[in-house]
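Note sheet for the following structure.
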Amino acid sequence: QTVIGDLVSPRERAKYAAWISGTWAVASVAGPLVGGYFAEHLSWSLIFWINLPLGLAAMAALNAPLKKLPIAGRHHSIDIVGALMLVIATALLLLALNWAGSEFSWSSAPIIGLFVASALIWAVLMRRLATEDEPLISLEVLRNRIVLTATISIFLAQAAYLGVSVYLPIYLQSYLGISVSGSGMGLLGLLLGTVAGAMVTGRIIPRFFHYKRIAVIGLAVSTICLTIFAFAARHPSLLWTEILTVVAGLGVGTTFPVTTISVQNAVDRVHLGVATGVLTFLRSLGGALGVAVLGAVALGYNLPLGRETAQAAVADRDPQAFVTIFLATALIMAASWAVLLLMPEKPLQGRVEAPPLSE
């Protein structure tokens with residue numbers, strides 16, 4: 001994403017952002033499809049081993065073309081300490097959210113200790129960012145209102161999106177009797193909708209002067225669909241599940257290219273890599289925290305999350321857990337929409353292929 005930002009103008013960059021967002025969406029939802037097959041028919045450990053050949057293939061694909069790019073002669077220092085602090089603070093927070101309510105109670109000393117330790121490291125990290133000559137994340141970037149609101153919005157949208165991706169297959173196993181691998185196929189509606197939303201948005205952004213409105217409308221539609229789905233969860237229907245998740249995916253898919261282009265268009269060229277990295281990191285962190293928080297909700301309802309979920313009798317299961325989970329995703333998506341409304345809109349720079357539309 002940063003290389004694309006260096007090579008093409010913001011207005012034309014939207015087309016490339018659409019491809020990246022679409023590819024990312026395919027990988028995010030295709031992973032559970034493959035993982036479900038591994039878990040049911042082969043070995044669960046393959047979900048880790050498969051990353052080795054995939055990573056090597058990605059490195060091989062990038063190596064040759066990246067060698068052709070010019071390298072700036074200025075020397076830079078890498079904030080290794082800041083990076084380690086970021087990893088440790090994030091890991092402690094995720095451990096606290098995953099262990100709370102399952103391994104330990106929320107008020108237990110280990111959980112409180114993890115939360116306090118994470119908060120302290122975050123505080124020290126913020127202090128370091130303000131004092132280092134070349135910090136891991138420039139505070140100048142974080143003070144940019146477009147960057148701040150766009151990253152918070154995508155953080156929340158990704159939390160809701162990945163939460164649906166994780167708990168939708170469990171819902172399908174519990175109430176429609178679908179197998180582990182088959183429930184992964186149930187994600188195809190969400191996948192196809194997200195890819196379509198991202199691809200179409202990337203194509204039409206250059207034609208819209210008020211391009212932010214595309215994502216604002218998309219998040220509103222996604223919120224409505226998730227709300228309907230939450231209240232309809234007591235009456236399981238594969239047809240309505242697919243229809244609602246397709247439309248919800250279309251809506252959330254619009255946010256990925258819009259936020260990426262907005263952030264890259266808002267900062268100076270020297271901060272392009274940092275701004276893109278912050279957006280990508282918070283999107284990933286949002287997904288991880290979203291799954292962890294919704295996992296706490298599931299454990300609060302004693303919802304089994306293993307293979308026994310698919311095997312338990314439907315009649316013995318109260319759907320209120322899924323109603324609460326999907327309603328929570330709708331509320332998180334609504335919060336993402338509200339934050340995006342606050343994001344300023346900066347005109348895109350670059351060549352225009354067609355007259356932009358004012359609305």
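Data overview
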{"quantity": "Filter pass, Ser108 being more than 25 Å from the chain's Cα centre (by Cα), at pLDDT 80 or above and polar (S, T, N, Q)", "calculated": "yes"}
{"quantity": "The range 114-124: number of residues that are open to solvent by 40 Å² or more (accessible area, probe 1.4 Å) and among the small types (Gly, Ala, Ser)", "calculated": "2"}
{"quantity": "Test result for Ile214, part of a helix (DSSP H, G or I) and touching a strand residue (DSSP E or B) at 6+ places or on another chain (Cβ under 9 Å)", "calculated": "yes"}
{"quantity": "The range 74-113, residues that are open to solvent by 70 Å² or more (accessible area, probe 1.4 Å), assigned to a loop (DSSP other than H, G, I, E, B) and closer than 20 Å to Leu285 by Cβ", "calculated": "none"}
{"quantity": "Helices (runs of 4 or more DSSP H) contained in the range 137-208 and holding at least 1 residues open to solvent by less than 30 Å² (accessible area, probe 1.4 Å), within 21 Å of Ala298 (Cα to Cα) and among the β-branched types (Val, Ile, Thr)", "calculated": "145-176"}
{"quantity": "Given (1) open to solvent by 10 Å² or more (accessible area, probe 1.4 Å); (2) closer than 27 Å to Ala321 by Cβ; (3) out of contact with any helix residue (DSSP H, G or I) (no Cβ under 6 Å at 6 or more places or on another chain); (4) not aromatic (Phe, Trp, Tyr), index of the condition Leu244 fails", "calculated": "(3)"}
{"quantity": "Members of the range 39-52 that are of a type outside the set (D, E, K, R) and either touching a Cys at 6+ places or on another chain (Cβ under 9 Å) or open to solvent by less than 80 Å² (accessible area, probe 1.4 Å) (or both)", "calculated": "Ala39, Ser43, Ser45, Leu46, Ile47, Ile50"}
{"quantity": "Pairs, first in a helix (DSSP H, G or I) in the range 29-55, second open to solvent by 60 Å² or more (accessible area, probe 1.4 Å) and β-branched (Val, Ile, Thr), C-beta under 6 Å, six or more apart", "calculated": "Gly35/Ile47; Phe38/Ile47"}
{"quantity": "Residue, nearest to Ser336 (Cα to Cα), within the range 234-280, restricted to residues that are in a loop (DSSP other than H, G, I, E, B) and in contact with a Leu (Cβ under 9 Å, 6 or more places away or on another chain)", "calculated": "Thr254"}
{"quantity": "Matching entry among Leu279, Leu294, Leu305 (being under 30 Å from Gln173 (Cβ atoms) and either at pLDDT 80 or above or of a type in the set (Lys, Arg) (or both))", "calculated": "Leu294"}
{"quantity": "Residue pairs meeting the criteria (Cβ under 7 Å; at least 6 apart or on separate chains; first more than 17 Å from Asp268 (Cα to Cα), in the range 117-141; second open to solvent by 70 Å² or more (accessible area, probe 1.4 Å) and not in a helix (DSSP H, G or I))", "calculated": "none"}
{"quantity": "Within the range 260-271, considering residues that are in contact (Cβ under 8 Å) with a residue 24 or more places away in the chain and farther than 18 Å from Pro344 by Cα, the one surrounded by the most Cβ atoms within 10 Å (Cβ to Cβ)", "calculated": "His271"}
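Yes/no per residue for (1) at pLDDT below 75; (2) among the polar types (S, T, N, Q); (3) farther than 29 Å from Leu340 by Cα:
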| position | (1), (2), (3) |
| --- | --- |
| Tyr167 | no, no, no |
| Ser181 | yes, yes, yes |
| Met185 | yes, no, yes |
| Gly197 | no, no, no |
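The values are calculated or read from the model by the stated rules, or taken from the named source; none is laboratory data. Not measured: the values here are computed from a predicted model. As a convention, Cβ positions derive from the backbone with ideal geometry for all residues, glycine included, and neighbour counts pool all protein chains shown. Note: areas computed on protein heavy atoms with side chains; ligands, DNA, RNA excluded. Shrake-Rupley method; radii C 1.70, N 1.55, O 1.52, S 1.80 Å.
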